[in-house]
Amino acid sequence: MADRAVASTIQRGDRLNQARAALEAVGQDHLLRFHDHLDAEGRDRLLSQVEQLDWPGIAALIREHGHETATFRLPEKIDPAPWYPNRPTPDLEGKYAEARQRGDQLIRDGRIAAFTVAGGQGTRLGWKGPKGGFPATPVRGLCLFGCLAEYIDKVQRKYDAQVPWYVMTSTENHEQTLELFEREKHFGLDPGNLMFFSQAMLPAFDKDSGKVLLTAPDRLALSPNGHGGSLMALYESGATADMKRRGIELISYTQIDNPIVKVIDPVFTGLHALDGGQMSSKVIRKTYPKERLGNFCMVDGRITIIEYSDLPDDLAHEQREDGELRFNAGSIALHVIQREFVESLNEAPGGFALPYHRAEKKVPCVDIDTGELVEPDEPNAVKLETFVFDALPLCETSVVYETERSEEFAPIKNEDRPGCVECPSWSRMRQTQRAAAWLEQHGVTVPRNADGEVDAEIEISHRTAVEPDDLKEASLPQSIDPGQSVLL
Ligand code: UTP
């Protein structure tokens, strides 16, 4: 017994010495200031966090992004990216029909996996726990993970095919996500077709001193490294190897926050496959020049997203002859990605790197001198993230396809407040509007007020329909009463 206790003390001493040496080498040894006052669990937690990080790499990032505000270098020549419209023009009708067939076949043959990035912190929504657990739908209050799960369930039944689902979490919400799926009995999906993995984390650091912050004496201020981290995490977690074993060729990438997202879209996937894309994207048509969406541009022959804040005003306002904005394709972060593209990025000699984006944030942190927790009033810290769309210029071929806002855009990002957009009440309203439009296409009378707004709450479960045509098999009411709550 005594021997084991001595051995464990020596081991702890070694760990501490190694951690101290690694941190001293990069001027971050203040992180161990409270180590000696922690209990065994706290010491272990702190040392484990320190051990998991690449400190020379972090020091280099802090040197590069620590002090200056990142300046975006505008390319010399920027053109709008070409994109496929949502509904085909007459010359594209044949191609779209072929794309639908190809997409349907890929699903039927089990070549497509669903992939959801759910590692974000959901700060703006202020929901405790994984964002995927947020109750999203108008009638049942089904959570966001549930909306996506029902979609996958329907696709599997409709095509008599398997659609494995890969979910990226962060170390902050991984366990809670697993618990949620257990509690919900995996929303009826086969747990053998689900895989969860965490993305890498990066520490937030003080914006003036470059010192990494602690959120508690035994905890670094870690946050996920951005959705761009998914391209590495897919590979390192073994997800792409698992896909390969299953014969998966294409990854349908979606975010967790949109309850009406088409988790698998046969036309989009078909267009991507027909054109031989490596990573393709869906866009919506912008409604005004500086709308807060990334702009799809063409730079040096490659599709490139330029943030709304970086696109110069004259370009943002420029109009075509028909009066439409010249840069009118806005990003909604939906992609189809070739599995082999993800593998090739990760297997490239020297690996691959996406650029880091710097954001100044308010991060509550421990005062290193007093040990007290400080709640900052102003942004005190820098967080660094990579964005998945920065991989687009690495593609030789990349398809851009328009989707309609009314059909596919109801993300929940913000807390509810009067007049809010991209918040829960706004999303429920958009879900109802889409459901109403689908029902009206099948002759159901939907109550609308003088402004044309739907005077009812309507929810169509994805198990019932993932597109309007699926409602042919459903038993539908002839009409809906004003104020009624209807679940189909
Ligand atoms: P957002 O930035 O819109 O949402 O991420 P968020 O990070 O959840 O919320 P805020 O910004 O703190 O309020 C868009 C999508 O990317 C995922 C999110 O989970 C969401 O699905 N994401 C974001 C990650 O998976 N990892 C990240 O590091 C960041």
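A few remarks follow.
- Using every pair of separate Cα atoms, the Kirkwood estimate puts the hydrodynamic radius of the stretch 94-143 at 14.2 angstrom.
- Net charge dipole, the stretch 273-324: roughly 300 debye, given to the nearest 20, about the Cα centre with Cβ charges of +1 for Lys and Arg and -1 for Asp and Glu.
- Judged by the ratio a/c of the largest to the smallest principal axis of the C-alpha gyration tensor, the stretch 114-153 counts as oblate, that ratio being 1.5 or greater while a/b is no larger than b/c.
- Farthest toward positive dipole pole in the chain [+1 Lys/Arg, -1 Asp/Glu at C-beta], among Val139, Asn295, Thr89: Val139
- The chain - share of DSSP beta bridges that are antiparallel (%, nearest 5): 60 percent
- This model, with +1 at the C-beta of Lys and Arg and -1 at the C-beta of Asp and Glu, gives the stretch 225-338 a dipole about its Cα centre of some 460 debye.
- In the stretch 138-183, the convex hull through the Cα atoms has an average projected area of 4.2 nm², a quarter of its surface area.
- The Leu92 and Gln121 beta-carbon pair, evaluated with R₀ = 60 Å, returns a calculated FRET efficiency of approximately 0.90.
- With all protein chains in place and a 1.4 Å probe, the accessible surface of the stretch 280-362 carries 45 percent carbon and sulfur.
- 0 to 90° range, to nearest 10: angle between helix 424-441 axis and the chain longest Cα axis: 30 degrees
- Where the stretch 339-488 is the region considered: accessible area per residue in Å², 1.4 Å probe: 50 Å²
- Tail weight of P(r) past 17 Å, computed on alpha-carbon pairs of the stretch 19-92, percent: 66 percent
- The modelled label-to-label distance for the pair Leu487/Asn449, using points 7 Å beyond Cα in the direction of Cβ, is 2.5 nm.
- Cα-Cα P(r), the stretch 181-233, percent of pairs per 10 Å interval: 20, 29, 30, 15, 6, 0
- Measuring between alpha carbons in the structure, the pairs from Lys286/Lys361; Lys128/Lys361; Lys211/Lys282 lying more than 30 angstrom apart are Lys211/Lys282.
- Sorting Lys185, Lys244 on solvent-accessible area from highest to lowest, probe radius 1.4 Å, gives Lys185, Lys244.
- Distance between the modelled labels on Ala474 and Lys128, one decimal in nanometres: 3.5 nm (7 Å Cα→Cβ projection).
- For the stretch 53-208, the mean projected area of the C-alpha convex hull, equal to one quarter of the hull surface, is 15.1 nm².
- Taking all Cα pairs closer than 8 Å and separated by 6 or more residues, the relative contact order of the stretch 114-236 comes to 26 percent.
- Per-residue ellipticity at 222 nm, computed for the chain from helices alone with -39500 (n - 2.57) per DSSP H run of at least four residues, works out to -9500 deg cm²/dmol.
- Charge tally in the Cβ shell below 12 Å around Ile368, where Lys, Arg are +1 and Asp, Glu are -1, Ile368 excluded: -3
- Sorting Phe205, Phe389 on solvent-accessible area from highest to lowest, probe radius 1.4 Å, gives Phe389, Phe205.
- Carbon/sulfur fraction of accessible area - the stretch 115-253, other protein chains in place, 1.4 Å, %: 48 percent
- To the nearest 10, the accessible area of Val163 is 10 Å² with a 1.4 Å probe.
- Note on the chain: dipole from Cβ charges, positive end direction compared against Ala450, His30, Ile264; the farthest Cα belongs to Ile264.
- No disulfide-compatible partner, judged by a Cβ distance under 4.7 Å, exists for the following cysteines of the chain: Cys143, Cys147, Cys297, Cys365, Cys395.
- Compactness of the stretch 259-377, expressed as Rg and Dmax over alpha-carbon positions, Å: 20.0, 64
- Top positive-direction residue, dipole computed over the chain with Cβ charges, set Val155, Pro349, Tyr235: Val155
- Simple Cβ-charge dipole of the chain, Lys/Arg +1 and Asp/Glu -1, about Cα centre, in debye nearest 20: 680 debye
- Accessible area per residue, Å², the stretch 107-251 with all protein chains present, probe 1.4 Å: 39 Å²
- Cα gyration tensor, the stretch 400-488 - rounded (a/c under 1.5), prolate or oblate: oblate
- Compactness index (Cα Rg / 2.2 N^0.38 Å), the chain: 1.06
- For the stretch 235-296, the direction-averaged projected area of the alpha-carbon convex hull comes to 6.2 nm².
- Centre-to-centre separation between the Cα atoms of the stretch 107-177 and those of the stretch 396-432: 16 Å.
- Along its principal axes, the stretch 155-269 has C-alpha extents of 57, 31, 29 angstrom, given from the largest down.
- Per the Debye formula on identical point scatterers at the alpha carbon atoms of the stretch 334-404, with no solvent, log10 I(q)/I(0) at q = 0.13, 0.18 Å⁻¹ is -0.63, -0.81.
- For the chain: relative contact order, % (alpha-carbon pairs under 8 angstrom, 6 or more apart): 19 percent
- Heavy-atom accessible surface of the stretch 408-465: percent carbon and sulfur, 1.4 Å: 43 percent
The values are calculated or read from the model by the stated rules, or taken from the named source; none is laboratory data. Small disclaimer: the values here were computed from a predicted structure and weren't measured. Note: ideal-geometry Cβ built from the backbone for every residue, glycine included; neighbour counts use all protein chains shown. SASA here: full protein model, heavy atoms, side chains in, ligands and nucleic acids out. Shrake-Rupley method; radii C 1.70, N 1.55, O 1.52, S 1.80 Å.
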